[in-house]
1. Do you know which residues across segment 61-70 are within 20 Å of Asp11 (Cα to Cα) and either in a helix (DSSP H, G or I) or free of Cβ contacts under 8 Å to residues at least 40 places away in the same chain (or both)?
2. Got at least one residue in segment 27-36 being part of a loop (DSSP other than H, G, I, E, B), at negative phi and at pLDDT 95 or above?
3. So which of Arg84, Arg47, Arg58 ends up being assigned to a helix (DSSP H, G or I), surrounded by 10 or more Cβ atoms within 10 Å (Cβ to Cβ), at pLDDT below 95 and not acidic (Asp, Glu)?
4. Has segment 92-106 got at least one residue that is without any contact (Cβ under 8 Å) to a residue 40 or more places away in the chain and on the phi > 0 side of the Ramachandran plot?
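The values are calculated or read from the model by the stated rules, or taken from the named source; none is laboratory data. Since the structure is predicted, the reported quantities are computational estimates derived from the model, not experimental observations. We place every Cβ from the backbone using ideal geometry, glycine too, and count neighbours over all the protein chains shown.
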Amino acid sequence: MNTQTFQALADPHRFQMVELLRQAPLTVGELAARLDLKQPQASKHLRVLSDAGLVELRPQANRRICHLRPEPFEALDDWLTTFRQLWQGRFDRLDDYLQQLQPPAPDAPSDDQGETP
């Protein structure tokens, strides 16, 4: 897992940029306007996102179109999957334990019914 991903997403403006780019590619100017930033500020944040591999900027005439790159997010999801598996196992064990603590239902047969010594 690349720690640069976390560092890039830790800034609120960069995180908001990623959220906006999830919906659709945007120009640098559009991102700046939506986040109420000056264009140089937006460009600085986009450079950090680009250096982390999260965003790709493609020139189109005199504009730069920003796109999210899926690979870093897939790597992040793979990393998080290990924690999901860990916690799912713990929740399953907790569920089993809680089931053991539950009293049997009144109409449920007990283990010793129907057996003759």
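1. The answer is Arg69, Pro70.
2. Kept after step one, since they are part of a loop (DSSP other than H, G, I, E, B), are these residues of segment 27-36: 35-36.
In the following step, the residues that additionally are at negative phi were identified as 35.
Remaining after also requiring at pLDDT 95 or above: 35.
Yes, that holds for at least one residue.
3. Working: Arg47 fails: at pLDDT below 95; Arg58 fails: assigned to a helix (DSSP H, G or I).
Result: Arg84 is the single residue among Arg84, Arg47, Arg58 that is assigned to a helix (DSSP H, G or I), surrounded by 10 or more Cβ atoms within 10 Å (Cβ to Cβ), at pLDDT below 95 and not acidic (Asp, Glu).
4. Quick first cut of segment 92-106, residues without any contact (Cβ under 8 Å) to a residue 40 or more places away in the chain only: 92-106.
Those still in the list that are on the phi > 0 side of the Ramachandran plot too: none.
Looking for residues that are without any contact (Cβ under 8 Å) to a residue 40 or more places away in the chain and on the phi > 0 side of the Ramachandran plot, one finds none in segment 92-106, hence no.
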